[in-house]
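Peer 1: Dropping the structure in here first, questions after.
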Amino acid sequence: MIRRLPPLRSLEAFIRVVRTGSAKTAAAELALSPSALSRRLGALEEFIGKPVFERKHQLLKLTEEGQQLYDAVAPLIDEMADRIDRLIDTGQVLRLRLGVLPLFGSQRLFPRLGELRKLHPQLHIDIDSSAAAETKLGDTIDAAIILSEGPDGSLHSVRLDHNRVYAIATPEIVAELGPRPDLAKLGKQTFLVHNDLPMSFEAWKRTLHLEALQPAAIDHFDSGQLILEAAAQGLGIAIMHDDHYKRSHDPRVARLYDIEVDSPYSYWFVCRPRALQSRPVRLFHDWMIKAGL
């Protein structure tokens, strides 16, 4: 006698809601209406005889039983999905066209791609590192990892991090400017700012109460890698994310001032909702979330 199992589609909906943190997002990923998603969750709760979510003002929060169910079932579902992927592998190359900014690619994506290749050797990725990736979705690229205050609401999106803004310069410049902000000294400096992240500099000035700062010059770049190199060469003070500074492990640069500044920008994975039906996009999307990229 085969023991009864909960409906697989209900388990899939349950896991997707937990991982996305949003019933709306989960429904879009599964191409379901909100009511259809609710029915699947209801079927799961009816099967196990306990609620898995607390429902408050359209928000879903895991109950203790729901957390126990997720912890027990999610790894098994992931393993089953991986095994099925290997079984249906035809040996044909799967091609993903991915937009990635160069610094994210070199520091965060490429060091982890070996893990993805071992899991899905048939999946190959074409990289587009040019700007304005969102405008190319569904045309020349399938998905992208972007820096944004918040992606277009019509896109499927996954927030990958929360950043701090650092001012970065050579150790000599940092020592010259001292441990506390000095408006007169900073006014003689050149600042290096990314074209696409102008609000980072404004957030840094505001947090340090330097709204009146008028630097000698502001040089603009379209590449995070080049900003970091320019700072290392003593060409100015780079306004960058803390993550890039820490991952660079570059002894030629140091952080200016020990003051925490929240960045207006985060890295996001984005694609058009229908792209999630594509196997290359789905494989990368699920690996990215599981890997904590």
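Peer 1: Only residues that are more than 18 Å from TYR245 (Cα to Cα), charged (D, E, K, R) and either out of contact with any Ser or Thr (no Cβ under 7 Å at 6 or more places or on another chain) or modelled with pLDDT under 95 (or both): list them for the range 197-228, please.
Peer 2: Within the range 197-228, GLU202, LYS205, ARG206, GLU211 qualify.
Peer 1: Given the condition more than 30 Å from GLY153 (Cβ to Cβ) and touching a helix residue (DSSP H, G or I) at 6+ places or on another chain (Cβ under 9 Å), answer yes or no: does some residue in the range 262-279 qualify?
Peer 2: no
Peer 1: Still on this model: So, ASP152, is that one touching a Phe, Trp or Tyr at 6+ places or on another chain (Cβ under 6 Å) and surrounded by fewer than 18 Cβ atoms within 10 Å (Cβ to Cβ) or not?
Peer 2: no
Peer 1: Residues that are of a type in the set (Gly, Ala, Ser): which strands (runs of 3 or more DSSP E) entirely in the range 154-267 hold 1 or more of them?
Peer 2: Per the criteria, 156-159, 165-169, 217-221, 237-241, 254-256.
Peer 1: So LYS50 passes all but one of these: (1) in contact (Cβ under 8 Å) with a residue 24 or more places away in the chain; (2) not in a strand (DSSP E or B). Which condition number does it fail?
Peer 2: (1) is the only condition that LYS50 fails.
Peer 1: Ok, one more. Which members of the range 234-260 meet the condition of being open to solvent by 70 Å² or more (accessible area, probe 1.4 Å) and either touching a residue at least 24 places away in the same chain (Cβ under 8 Å) or under 20 Å from SER148 (Cβ atoms) (or both)?
Peer 2: Once the filter is applied, which keeps residues that are open to solvent by 70 Å² or more (accessible area, probe 1.4 Å) and either touching a residue at least 24 places away in the same chain (Cβ under 8 Å) or under 20 Å from SER148 (Cβ atoms) (or both), the range 234-260 yields LEU235, ARG247, ARG252, ASP258, GLU260.
Peer 1: Mind listing whichever residues of the range 108-146 are in contact with a helix residue (DSSP H, G or I) (Cβ under 8 Å, 6 or more places away or on another chain), surrounded by 17 or more Cβ atoms within 10 Å (Cβ to Cβ) and under 18 Å from ASP161 (Cα atoms)?
Peer 2: Listed by number, the residues that qualify are ARG108, ALA143, ALA144, ILE145, ILE146.
Peer 1: Let me spell it out: the conditions are (1) assigned to a strand (DSSP E or B); (2) open to solvent by 40 Å² or more (accessible area, probe 1.4 Å); (3) within 26 Å of ALA26 (Cα to Cα); (4) β-branched (Val, Ile, Thr), and ILE84 meets all of them except one. Which number is the exception?
Peer 2: It fails just one condition, (1).
Peer 1: Residues in the range 124-131: is at least one at pLDDT 90 or above, within 14 Å of the chain's Cα centre (by Cα) and either among the polar types (S, T, N, Q) or part of a strand (DSSP E or B) (or both)?
Peer 2: No, every residue in the range 124-131 fails to be at pLDDT 90 or above, within 14 Å of the chain's Cα centre (by Cα) and either among the polar types (S, T, N, Q) or part of a strand (DSSP E or B) (or both).
Peer 1: Then there is this: Name the residues in the range 268-293 that are out of contact with any Phe, Trp or Tyr (no Cβ under 9 Å at 6 or more places or on another chain), in a loop (DSSP other than H, G, I, E, B) and either at negative phi or open to solvent by less than 20 Å² (accessible area, probe 1.4 Å) (or both), would you?
Peer 2: ARG272, SER278
Peer 1: Out of everything in the range 191-231 that is under 26 Å from the mean Cα position of the chain (by Cα), more than 25 Å from SER106 (Cα to Cα) and not basic (Lys, Arg), what residue ends up being most open to solvent (accessible area, probe 1.4 Å)?
Peer 2: Checked the range 191-231; the qualifying residue most open to solvent (accessible area, probe 1.4 Å) is GLU202.
Peer 1: Which of the residues that make up the range 87-114 are in a helix (DSSP H, G or I), hydrophobic (A, V, I, L, M, F, W, C) and either at pLDDT 90 or above or over 25 Å from LYS136 (Cα atoms) (or both)?
Peer 2: Across the range 87-114, the qualifying residues are LEU87, PHE104, LEU109, PHE110, LEU113.
Peer 1: State the number of residues belonging to the range 159-177 that are open to solvent by 20 Å² or more (accessible area, probe 1.4 Å) and more than 20 Å from SER200 (Cα to Cα).
Peer 2: 5
The values are calculated or read from the model by the stated rules, or taken from the named source; none is laboratory data. Computed from a prediction, not measured in an experiment: that's the story for all the values here. Using ideal geometry, Cβ is built from the backbone for each residue, glycine included, and neighbour counts are taken over all protein chains shown. To get the accessible areas, we keep the full protein, side chains included, count just its heavy atoms, and leave off ligands, DNA and RNA. Shrake-Rupley method; radii C 1.70, N 1.55, O 1.52, S 1.80 Å.
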